[in-house]
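The values are calculated or read from the model by the stated rules, or taken from the named source; none is laboratory data. All values reported here derive from a predicted model rather than from experimental measurement. Every residue, glycine among them, receives a Cβ derived from its backbone with ideal geometry; neighbour counts consider all protein chains shown.
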Amino acid sequence: MKPDAKAARVRNQADRLRPVSGRHNQRLKELRLAFRRAELTPQGECAIEGVKLLEEALRSGQHLDSVFFSESARALAEKLLPQIAVRTETLLLPDALLNSIVPSDAPQGVAALLQLPAFTCAQLLERSNNGPFVVAAGLQDPGNLGTILRSAEAFGAAGVFLTEGTVSPYNWKVLRGSAGSIFRLPFVRISSAELVPLLRARNVRLLATSSHQGTPLPQISWTLPLAIFIGNEGAGLSRELIREMDQTLAIPQAAQVESLNAGVAASIVLYEAARNRKSSSQFSVPSSQLGRRKAFPEN
């Protein structure tokens, strides 16, 4: 590209950045509230921050409603703006203002509000033969849930159900831990009292994870349809849910180790399920096809 043409392109991109200096801007209020509550905005938007997560959203073809850059991140904005749809609102904020809104201790100068794909329980249940379901039942640590979402996509899970007591999937630490998998992996929030009968109606086998007691992992049948329940980090699954399970599995480990981290345990189980799938065609990542993935230039 000729120098004059390149300079013109940079100027055109810079013109897309709308300066905002006051904290009373409506979009800033919505961004701040979404981060604070770890929930969607009234318009159904999710708040994200950081370069990696924004790039993953772009790779996954997510619709970005608004993108917020700090003054010191102008170079980053110049790099990303060509990949952001022209209809997307792009705002330029003073560093102190954006840093006061994002929850990270080390802000990277970019945040966004975007629409995540929404799925119904019925849509997710239709995928029962695509891979095992994962049920996060009372998981409270956002890092664990983020890891589980990432592993669920990596090892071909059909989707994730989030029951009562589970940390919000829109918590910024969950989003960061998922490393972008949340943009592509279908998930539904539902109560366990409602979910179990729906799974039973589809003849889905229910497996519980346990620290030491249960059928050793290598002896488990991974025939679909199947749902793997991961319980609370401290208390595990409730007694009511345990009674509903068809089988309890245990990951062989040293006796002196009390238990594995929930995210690690779920990842091991999901890997084992994928490894034992009857054919390589079953071990795919069908969830990635649900996102509108778009190629974007590597830099």
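Evaluation of G138 against the conditions (1) at positive phi; (2) at pLDDT 95 or above shows that the sole unmet condition is (2).
Taking the stretch 60-98 as the range and being in contact with a Phe, Trp or Tyr (Cβ under 6 Å, 6 or more places away or on another chain) and over 17 Å from G22 (Cα atoms) as the test, the residues that pass are S60, Q62, A77, Q83. From the residues in the stretch 74-107 that are in a loop (DSSP other than H, G, I, E, B) and polar (S, T, N, Q), which one is surrounded by the fewest Cβ atoms within 10 Å (Cβ to Cβ)? Once the filter is applied, the top-ranked residue is S104.
Only one of the numbered conditions (1) modelled with pLDDT of 90 or more; (2) under 20 Å from the mean Cα position of the chain (by Cα); (3) among the charged types (D, E, K, R) is violated by E244, and that is (2). Looking across the stretch 147-180, the residues that are of a type in the set (S, T, N, Q) and farther than 22 Å from R37 by Cβ come down to T147, S151.
The single residue among L145, L149, L139, L124 that is within 13 Å of N232 (Cα to Cα), part of a helix (DSSP H, G or I) and hydrophobic (A, V, I, L, M, F, W, C) turns out to be L145. Criterion applied to A118, A112 was being of a type in the set (G, A, S) and buried (at least 23 other Cβ atoms within 10 Å of the Cβ), and the one residue passing it is A112. For first residues located in the stretch 35-53 and among the acidic types (D, E), partners that are assigned to a strand (DSSP E or B) and at pLDDT 95 or above and lie 6+ apart or on another chain with Cβ distances below 7 Å form the pairs E45/D65; E45/L113; E45/L114; E49/V110; E49/A111.
In the stretch 125-170, of all residues being of a type in the set (A, V, I, L, M, F, W, C) and over 21 Å from L224 (Cα atoms), the one that is surrounded by the most Cβ atoms within 10 Å (Cβ to Cβ) corresponds to L145.
Scanning the stretch 61-73 for residues that are in a strand (DSSP E or B) and crowded, with 16+ Cβ neighbours inside 10 Å yields L64, D65, S66, V67, F68, F69, S70.
Note on the stretch 2-37: residues that are surrounded by 13 or more Cβ atoms within 10 Å (Cβ to Cβ), part of a helix (DSSP H, G or I) and modelled with pLDDT of 90 or more total 10. Going by the conditions given, is A106 at pLDDT 95 or above and under 19 Å from N171 (Cβ atoms)? Considered against the rule, which asks whether it is at pLDDT 95 or above and under 19 Å from N171 (Cβ atoms), A106 comes out as no. Taken together, A227, A273 contain a single residue that is outside any strand (DSSP E or B) and either outside the structural domain of E55 (by TED's automatic domain parsing) or at pLDDT below 90 (or both), which is A273.
Residue-level check: of (1) buried (at least 19 other Cβ atoms within 10 Å of the Cβ); (2) under 16 Å from Q140 (Cα atoms), I220 misses just (2).
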